[in-house]
Each structure stands twice: as structure tokens, then as C-alpha cells.
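**Student:** Supplied in C-alpha cells, the structure appears directly below.
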Amino acid sequence: MSNAYQKARFLKSVPEPRQAPPDVGLEVAFAGRSNAGKSSALNVITGQKSLARTSKTPGRTRQINFFAIDDMRRLVDLPGYGFARVSRQIKEDWQRHISRYLETRQSLVGVILLMDIRHPMKEFDRQVLGWCHLAGLPAHVLLTKSDKLKRGPAKAALLSVRQQLAALHPDASIQLFSALKKTGTDEAILVLNHWFGLAD
Ligand code: GDP
């Protein structure tokens, strides 16, 4: 399968959506609680070992990171929280910035939401799904670190989360994903290609 995402290059980090690059072309955003495996997934999908490391440098963890695929298309790494405790201020800033970005960004064509298969559907995930649904944005869930469960329990988790998902975002889709084993990469790339209008 052709993978346009291997050409991804870091473009810009911004603390607030209003400083984002010009709102033209097409964008797909990646969201997930911290430690959900977002950086690992971005690195596997783009075939670049350290692309998303930029977002991990201190001070940039709360930033929105933009990666250019070509002149018209971007991947966006949204800030996460939720692994460690964060202050109410940080949570409120995140809610304000991310809800505004999801609701107003014209170039945004879809959201990839990453959840650790062992800890799915936390408040963070429900909020993101709710905002996407309100904004009429397609959402696709990656149940990450699926290698941590055996096949049976992984399948059971997939079915259970798919059911819960239907209540929050009826059109959302979902799959198993493991950055470690690289399972689910082609399936995720097909979704991106579809949203970006790229041939498979
Ligand atoms: P982020 O905070 O969402 O960007 O998460 P990271 O990509 O940094 O991953 C958090 C932790 O989970 C790291 O220790 C990764 O090595 C681990 N991890 C990420 N993806 C996988 C996976 O597919 N399988 C397993 N077993 N561990 C993973």
C-alpha cells in the first residue's frame, strides 16, 4: 500500500489554536490521553522513528503539533492529559483549546482517537467524541497496545467499546492497533487515505 505519510515533516508547534497554520487544505487530528500510545502510532504510521518526539520535549506537551504531508495535507498531534494528575487550570485550558479547534477548524476532516485497550472510554475520550459528534466530524478509534491482550479478550474489548461508542458518536469507527507489532497499520492508513482523498 502506498503510504504518503512517510513524507510527513514537522511544521509547527502552537500553544493555542488561533496560532495554527493557515486553515486551508485538509487536516486529520490525533487525540489521546497521555500514555495512550499516540506518539508511537504516529511514528509507525509515518514510518519515522522519532517524528512525534517533538511533541514530547518539555514545554511542548501542551502544544498542538502540525506535520505537513504535502502542500495541502497535515497531520495534527493534539495535546493529551489524563495519565498523571493535572491541575484544574490545565484541564480547563485543554477543554477550551481543543473544543474550539475541533469546532472551528475548517480544514479538519477527521479525528483519530487513541485509547489504551486496557483503559478505554475515559472522560477525556468521551469529551473528544462528544465534540466530534457535535461538530459533525468523523472519528476513528484506535484501541492501542492490543498486543497486551490475548486475541479473545482483545476482540471482547473491541466489541464492548464499539457498543459504547455508538451512544456517543453513532458514525464513529474502531479497530485494534499495536505499534509494537505494527498490527492495524494498514487499516488506519486506509481511513486516513479516505479522509484525505488519497488513493490506497
Ligand atoms: P503517548 O503519551 O500517547 O504519546 O504514548 P507513547 O507513544 O509515548 O507510549 C506510551 C507508552 O506505551 C510507552 O512506554 C510505549 O512504549 C508504550 N506503547 C506504545 N504503543 C505500544 C504498543 O503498541 N504496545 C505496547 N506493548 N506498548 C506500547
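The values are calculated or read from the model by the stated rules, or taken from the named source; none is laboratory data. Quick caveat: nothing in here was measured; it's all calculated off a predicted structure. Virtual Cβ from ideal backbone geometry, glycine too; neighbours counted across all protein chains shown. Each accessible area value is taken on the protein alone, full model and side chains, heavy atoms only, with ligands, DNA and RNA left out. Shrake-Rupley method; radii C 1.70, N 1.55, O 1.52, S 1.80 Å.
**Student:** Could you sort His140, His133 by their accessible area in this structure, using a 1.4 Å probe and putting the largest first?
**Tutor:** Numbers: His140 5, His133 90 Å².
Solvent-accessible surface, decreasing: His133, His140.
**Student:** What length, rounded to one decimal in nm, is gained on full extension from Lys181 through to Lys150, with 0.36 nm per residue of separation minus their alpha-carbon distance? The partial results should precede the final answer.
**Tutor:** On the way: separation 31, 0.36 × 31 = 11.16 nm, distance 1.31 nm.
Length gained, Lys181 through Lys150: 9.9 nm.
**Student:** Applying the Karplus parametrisation 6.51 cos²θ - 1.76 cosθ + 1.60 with θ = phi - 60° to the phi angles of region 184-199, what ³J(HN,Hα) value in whole Hz is obtained for each residue in order, glycine and proline being reported as x?
**Tutor:** Once rounded to whole Hz, the list reads x, 5, 4, 4, 5, 5, 4, 5, 4, 4, 4, 5, 7, x, 9, 6.
**Student:** Follow-up question, since we're still on this one. Pull up all non-local amide H partners of Ile174: gap of 5 or more, or a different chain, and H-to-H distance under 5 Å with H placed in the peptide plane.
**Tutor:** Those lying under 5 Å, H to H, from Ile174 are Val141.
**Student:** Within region 182-197, name every residue whose backbone N is under 16 Å away from a label modeled 7 Å from Cα of Arg162 along the Cβ vector.
**Tutor:** Counting only backbone N, you get 184, 187-188.
**Student:** Name the residues whose placed amide hydrogens come within less than 5 Å of the amide hydrogen of Arg73, ignoring near sequence neighbours (fewer than 5 apart) on the same chain.
**Tutor:** Leu26
**Student:** OK, next. Size of region 136-187 along its principal axes in angstrom, Cα-based, largest extent first?
**Tutor:** Sorted largest first, the three principal extents are 33, 21, 12 Å.
**Student:** Given the options Asp171, Asp116, Asp71, state which has the largest fluctuation in a GNM of the chain using a 10 Å cut-off (strictly under) for Cα springs.
**Tutor:** Asp71
**Student:** Report for the chain the percent antiparallel among DSSP-assigned beta bridges with both residues inside it, nearest 5.
**Tutor:** Numbers: 10 of 31 bridges.
In the chain, approximately 30 percent of DSSP beta bridges are antiparallel ones.
**Student:** Then there is this: What are the aspartates and glutamates whose alpha-carbon lies under 14 Å from the alpha-carbon of Lys148, with same-chain residues fewer than 8 places away excluded?
**Tutor:** Correct list for Lys148: Asp116.
**Student:** Give me, ordered by chain and number, the residues 5 or more places off Asp116 or on other chains with an amide H under 5 Å from its own placed amide H.
**Tutor:** When sequence neighbours closer than 5 places are left aside, the close amide H contacts are Thr144.
**Student:** Here's something else I'd like to know. What base-10 log of the normalised intensity I(q)/I(0) is obtained for the chain from the Debye formula, alpha carbons as equal point scatterers, at q = 0.10, 0.16, 0.19 Å⁻¹?
**Tutor:** The Cα Debye sum returns log10 ratios of -0.37, -1.02, -1.53.
**Student:** Decide, for region 75-135, between rounded, prolate and oblate: order the square roots of the alpha carbon gyration tensor eigenvalues as a ≥ b ≥ c, take rounded if a/c falls under 1.5, and otherwise choose prolate if a/b is larger than b/c, else oblate. Can you show the working numbers first?
**Tutor:** Numbers: a/c = 1.87, a/b = 1.26, b/c = 1.48.
Oblate, since a/c reaches 1.5 and b/c is not below a/b.
**Student:** P(r) of region 56-169 in 10 Å steps, Cα pairs, percent per bin?
**Tutor:** Binned Cα distances yield the sequence 12, 40, 36, 12, 0.
**Student:** Right, here's the next one. Run the dipole for the chain about the Cα centre, Lys and Arg Cβ at +1, Asp and Glu Cβ at -1, nothing else charged, and hand back the magnitude in debye, nearest 20. Write down the numbers at each step before the final one.
**Tutor:** Details: 30 positive and 17 negative charges, 180 e Å.
Dipole size: approximately 860 debye.
**Student:** Right, something else. Determine which aspartates and glutamates satisfy two conditions relative to Lys182: a Cα distance under 13 Å, and not lying fewer than 8 residues away in the same chain.
**Tutor:** The reachable aspartates and glutamates, counting only those whose Cα sits under 13 Å from Lys182, are Asp147.
**Student:** For Lys91, give me every one of the lysines with a C-alpha distance below 27 angstrom, ignoring sequence neighbours fewer than eight places off in its own chain.
**Tutor:** Leaving aside lysines fewer than 8 places away in the same chain, those within reach of Lys91 are Lys12, Lys38, Lys56, Lys122, Lys145.
**Student:** May I ask you to derive the relative contact order of region 134-200, considering only C-alpha pairs under 8 Å and at least 6 residues apart, and to give it as an integer percent? Mind showing how you got there, number by number?
**Tutor:** Details: 60 pairs, mean separation 25.1, N = 67.
For region 134-200, the relative contact order is 37 percent.
**Student:** If you count only protein heavy atoms with a 1.4 Å probe, what accessible area per residue comes out for region 4-196, rounded to a whole Å²? Don't skip to the answer; put the middle values down first.
**Tutor:** Working: 9360 Å² over 193 residues.
With all protein chains present, region 4-196 gives 49 Å² per residue.
**Student:** Okay, moving on. Given the -39500 (n - 2.57) contribution per DSSP H run of 4+ residues, what per-residue ellipticity at 222 nm results for the chain, rounded to the nearest 500 deg cm²/dmol?
**Tutor:** Numbers: 5 runs with 69 residues, N = 200.
Using -39500 (n - 2.57) per qualifying helix, the result is -11000 deg cm²/dmol.
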